[in-house]
Amino acid sequence: MKSQLELRSLSMIIFGLLLGPIVGLSYLWLVQIVLPGSAAADPSRAVAAWLLYIVLGGAMCLAVEAIVVAPILLGFRRYRWGWLNGASGAAIGFGLGFAFWFVASLISGQDEGGWAKLAARSLNPGAVGLIAAVVFRLIAVRRSPAI
């Protein structure tokens with residue numbers, strides 16, 4: 001069954017691919033830097049940390065989008081898979097963010113504390129992927145006009 005969703009214009013797709021990670025990484029910055037209160041004494045450090053999150057995290061997100069998301073979008077545009085919708089896209093986004101951080105932590109030797117702690121530390125990067133996918137869906141995907 002073909003999807004009732006379709007991709008918008010290329011400019012909207014690019015906008016969604018850029019804005020999604022910015023919103024997701026801003027969430028990560030908020031929960032890791034701002035909410036713990038570590039930046040309350042020096043707001044300029046919070047702004048510098050946000051820029052660092054956006055630049056470095058954004059580069060990682062764009063790499064994942066180029067390697068994994070772009071082929072999925074090309075397939076969706078051609079085949080209009082019925083299974084690819086907002087919920088499955090959000091799940092894919094969460095899975096990519098979670099798996100990327102989990103594997104990178106294993107490779108870099110930051111797996112102390114066991115698998116459960118490593119999985120718990122991978123939840124926020126998973127949330128970045130989920131948020132980026134939802135933002136992309138809202139910007140770059142629409143319902144097909146009725147024929």
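A short reminder: the numbers here are calculations on the coordinates, not readings from a lab. Treat the numbers as computed from the prediction; the structure is a model and nothing was measured. Cβ coordinates were reconstructed from backbone atoms using ideal geometry, including for glycine residues, and neighbour counts include every protein chain displayed.
Brief remarks follow.
- Both radii come from the Cα set of the range 5-143: Rg as radius of gyration, Rh as Kirkwood radius; their ratio Rg/Rh reads 1.02.
- For the range 5-143, the relative contact order is 46 percent, taking Cα pairs closer than 8 Å that sit 6 or more residues apart in sequence and dividing their mean separation by the residue count.
- Computed [θ] at 222 nm, helices only, for the chain once each DSSP H run of length n ≥ 4 contributes -39500 (n - 2.57): -20500 deg cm²/dmol
- Dipole of the chain, positive direction: furthest Cα of Leu17, Leu51, Gly113, with charges on the beta-carbon: Leu17
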